[in-house]
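Visitor: I have a structure here, written as structure tokens, and I will follow up with some questions on it.
No value in this document is a laboratory result; all are computed from the given coordinates. If you're wondering where the values come from, they're calculated on a predicted model, not measured in any experiment. Here the Cβ is made from the backbone with ideal geometry for all residues, glycine too, and neighbour counts use every protein chain on show.
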Amino acid sequence: MCGKGFSIRRVSQYSYETCASCHGVWMTRSTLIGMAFDIDPSAPFEMRQANIDEPRRACPDCRLPMNKALVSRVPLDYCEQAEHGIWFDGGELRQVLERVGEPEPTTAELPTNFRSLLGDFFSPS
């Protein structure tokens with residue numbers, strides 16, 4: 001958030017605030033859930049706590065420090081106060097909405113012992 005001020009945008013039945021300077025977006029969680037539901041009604045909405053070591057931004061509504069969360073693998077800032085909002089840096093909202101309904105990537109299963117690790121490492125491809 002650059003602090004230059006917001007303007008209200010309306011798209012379909014949704015309204016949110018944007019910054020013309022940094023292209024950030026401030027919207028409520030219910031607005032984001034509604035947009036995601038419109039894209040894929042069967043996709044679950046998950047907002048997972050993220051432990052990201054960077055300075056916490058202040059909520060534009062209450063000025064308290066916001067927390068970090070992962071939504072569709074995109075790290076976002078959000079205010080815990082009911083319906084204050086979620087902050088999207090320029091381009092992050094698009095990333096989140098493009099990933100609605102995509103399965104979370106899985107990591108390759110790790111070998112269970114040293115012998116299988118050696119077998120994986122030295123086996124011909």
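Visitor: Here's a check for you: in the stretch 77-86, which residue that is hydrophobic (A, V, I, L, M, F, W, C) and buried (at least 22 other Cβ atoms within 10 Å of the Cβ) is nearest to residue 26 (Cα to Cα)?
Guide: Residues of the stretch 77-86 that are hydrophobic (A, V, I, L, M, F, W, C), as a first pass: 79, 82, 86.
Those still in the list that are buried (at least 22 other Cβ atoms within 10 Å of the Cβ) too: 79, 86.
Details: 79: 11, 86: 6 Å.
Of everything passing the filter in the stretch 77-86, 86 is nearest to residue 26 (Cα to Cα).
Visitor: Then there is this: In this structure, is residue 69 of a type in the set (Gly, Ala, Ser) and either surrounded by 14 or more Cβ atoms within 10 Å (Cβ to Cβ) or under 24 Å from residue 101 (Cα atoms) (or both)? It would help to see each step written out before you state the result.
Guide: Details: of a type in the set (Gly, Ala, Ser): yes; either surrounded by 14 or more Cβ atoms within 10 Å (Cβ to Cβ) or under 24 Å from residue 101 (Cα atoms) (or both): yes.
For residue 69, the condition - of a type in the set (Gly, Ala, Ser) and either surrounded by 14 or more Cβ atoms within 10 Å (Cβ to Cβ) or under 24 Å from residue 101 (Cα atoms) (or both) - is met.
Visitor: Can you pull out the residues in the stretch 30-82 that are among the aromatic types (Phe, Trp, Tyr) and out of contact with any helix residue (DSSP H, G or I) (no Cβ under 8 Å at 6 or more places or on another chain)? Give the derivation first.
Guide: Taking the stretch 30-82 and keeping what is among the aromatic types (Phe, Trp, Tyr), we get 37, 45, 78.
Scanning the stretch 30-82 gives a single hit, 37.
Visitor: Condition first: surrounded by 15 or more Cβ atoms within 10 Å (Cβ to Cβ) and of a type outside the set (D, E, K, R). Now tell me which residues in the stretch 21-37 satisfy that. Write out each step before concluding.
Guide: Of the stretch 21-37, the ones surrounded by 15 or more Cβ atoms within 10 Å (Cβ to Cβ) are 24-29, 31-32, 34-36.
Across the stretch 21-37, the qualifying residues are 24, 25, 26, 27, 28, 31, 32, 34, 35, 36.
Visitor: Another question, then. Those residues that are loosely packed, with under 13 Cβ neighbours inside 10 Å, within 10 Å of the chain's Cα centre (by Cα) and either in contact (Cβ under 8 Å) with a residue 24 or more places away in the chain or under 20 Å from residue 11 (Cα atoms) (or both), I need them from the stretch 38-53; list them, please.
Guide: 46
Visitor: So, one more: Could you count how many residues in the stretch 19-33 are under 15 Å from the mean Cα position of the chain (by Cα) and without any contact (Cβ under 8 Å) to a residue 24 or more places away in the chain?
Guide: 2
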